[in-house]
Structure formats: structure tokens, C-alpha cells
Amino acid sequence: MAQLSDLKLAYQVFMKAFPYRRVDWRPGARLSKRLREACVAVVTTAAFFKPDQPPFDTSIRGGDYSYRVIPLVTDLSTLRIAHRSDAFDMCGIASDKNLALPLDRLKSLAEEGVIGSVAPRHFSFMGSIAAPGRLIANTAPEVARMLLEDAVDAVLLTPV
Amino acid sequence: MCHQSVGLIQSIIEKAGIPTASVTLLREITERVAPPRALFVDFPLGYPLGAPNDAALQTRIILSAFEMLAESVPPAIIRDFEVLPPQDLSGAD
């Protein structure tokens with residue numbers, strides 16, 4: 001299980017005292033169609049990137065706020081990981097990318113008719129962003145625009 | 001920090017008009033970032049959908065998160081994922 005008290009003391013102290021940011025999302029959106037008709041996308045902070053994409057930059061102060069587009073057709077086993085955090089065990093996502101980016105699971109759900117379809121593009125960030133100003137101002141809104149362009153109806157987000 | 005990032009990205013996507021649901025491994029952080037809908041899963045950091053190569057568990061977590069999508073917000077919702085499916089609990093004695 002995961003609780004702050006499970007983490008290394010230095011992380012506990014940092015994370016308890018951290019002035020977390022919020023973004024006002026109200027009034028909130030609602031799924032306007034049935035799940036079996038909905039197009040679904042995933043956004044993860046597992047720092048996955050394709051071999052032909054640059055890795056995340058773990059040296060940027062405040063965190064790398066960029067993202068990588070992961071097309072649905074990607075072979076998940078080819079994805080690489082460039083996460084700067086040592087607060088979590090990377091073995092799980094290294095052995096099965098679906099643990100954070102469940103494209104194979106979503107494809108099965110679409111084939112079974114549980115969801116309508118899987119979006120053509122999914123998005124990977126590196127989550128260790130202590131200074132999220134440019135994430136909030138630039139890159140997250142860019143991803144939101146691309147999701148709208150792809151007529152995505154619902155988004156699942158996963159941290160690591 | 002992953003949980004702050006997810007909550008912020010989620011809030012921005014929701015604000016753009018697309019309903020969102022996230023998984024959280026750290027309820028304490030997600031409560032403070034307060035995104036629209038989060039499913040708390042009691043697994044270690046790095047294991048948001050439970051276990052690698054366990055398609056059934058991953059799918060159950062995904063569907064539990066999707067169940068929240070039809071719910072109206074605000075306020076922000078954090079729900080607990082029931083680790084054992086109901087049929088396992090009934091036969092637990």
C-alpha cells in the first residue's frame with residue numbers, strides 16, 4: 001500500500017510541507033454518451049517515450065513539463081522510461097507498460113463493446129514537476145486541445 | 001509529485017470540457033490537489049493499475065474509474081477501489 005508514511009523520511013517531509021497547486025476545473029464535465037459509445041484516451045505520468053522521441057530531461061530544475069504523444073499503434077514493449085523519481089519501484093511498469101498506459105486493456109474493452117473506441121493519441125508526462133507553472137500554462141492545455149481535436153469523450157489518468 | 005501533476009493535468013482537461021477520472025496511490029496528495037474524480041487504489045507507488053501482466057485486475061480498476069465518469073461534479077470525488085471483487089469476499093470464510 002502507499003501512504004506518505006511509507007516513503008523515505010526526506011520525501012515525507014518534503015511532500016507533507018509542499019504547497020500543492022490546484023486548478024479550478026468547475027463546473028466539471030459529464031460523460032454525454034454511454035461508455036459503450038465513448039472514445040477514451042489515457043494520460044500517464046510514467047515518463048514513457050518512444051525510441052524515436054527524446055527522453056525526458058531529468059536535469060531541468062522544477063521538472064520537465066514536456067509530454068510525448070504515444071500513438072495507439074505503438075508496440076508498448078518498445079516504450080522506454082525516463083523517470084527522475086526514485087520514490088517508486090519501476091519494475092512493474094518496466095515489465096508491463098499497461099500497468100500505467102493500459103492500451104491493450106482498452107483495445108480489449110473496445111473489442112468487447114464495453115467502450116466505444118480507443119483514441120488515436122495518448123500522452124505521457126514525467127510526473128516529477130515540483131514547479132508546474134509551465135505545465136499549467138502551456139503543456140497541459142496543449143494536450144487538452146489535442147484530446148478535443150481527436151473527439152475524445154473521456155480520459156483516464158494514471159500516476160506512478 | 002506525480003500525483004500533483006496528474007491532478008493538475010486532469011483539472012485542465014476537465015476544464016476544457018472532457019470528463020476525466022484518475023487513479024491515485026496517495027490519497028493525501030490527491031485530497032490536496034482536488035481533481036474532479038479519483039479512484040484510490042491501495043497498491044504501492046509505481047503500480048497504479050494493481051499488478052503487471054494481470055489483465056483482469058487492470059481492467060477492473062479501469063472500469064471502476066470509468067464508473068465515476070457519469071457522476072456530476074463538484075465536489076471532487078475520491079472513491080476507494082475494492083481490492084477483492086465481491087464474489088471473492090462472499091467466499092472468504
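Read the figures in this text as sums done on the coordinates, not as results from a lab. Just so you know, these numbers come straight off a predicted model, no measurement behind them. Virtual Cβ from ideal backbone geometry, glycine too; neighbours counted across all protein chains shown.
Structure data summary
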item	result
For the protein assembly as shown: span of alpha carbons on each principal axis (Å, largest first)	49, 44, 39
Shape of segment A:80-136, Cα gyration tensor, a/c cut at 1.5	oblate
Cβ-placed point charges (K, R +1; D, E -1), dipole of the protein assembly as shown about Cα centre in debye, nearest 20	860
Cα-based Lys proximity count in segment A:1-124, under 25 Å, for pairs eight or more positions apart or on separate chains	5
Residue-by-residue Karplus 3J(HN,Hα) for segment B:29-43, coefficients 6.51, -1.76, 1.60, Hz, glycine and proline x	6, 5, 4, 7, 7, 6, x, x, 9, 9, 10, 7, 10, 8, 10
Length-normalised contact order for segment A:1-122 - Cα pairs under 8 Å, 6+ apart - percent	34
Under 5 Å, built H, 5+ apart or other chain: amide partners of B:Ala38	B:Ser22, B:Ile77, B:Ile78, B:Arg79
10 Å binning of all Cα-Cα separations within segment A:1-106, expressed as whole percents from 0 upward	11, 32, 35, 21, 1
All Cα pairs of segment B:2-78, percent lying beyond 16 Å	47
Three-way shape call for segment A:118-160 based on the alpha-carbon gyration tensor, with the a/c threshold at 1.5	oblate
Solution diffusion estimate, µm²/s, Stokes-Einstein, segment A:34-158, Kirkwood Rh from C-alpha pairs, 10 °C, viscosity 1.306 mPa s	106
Rounded to the nearest 20 debye, dipole of segment B:2-78 from Cβ charges on Lys, Arg, Asp, Glu	140
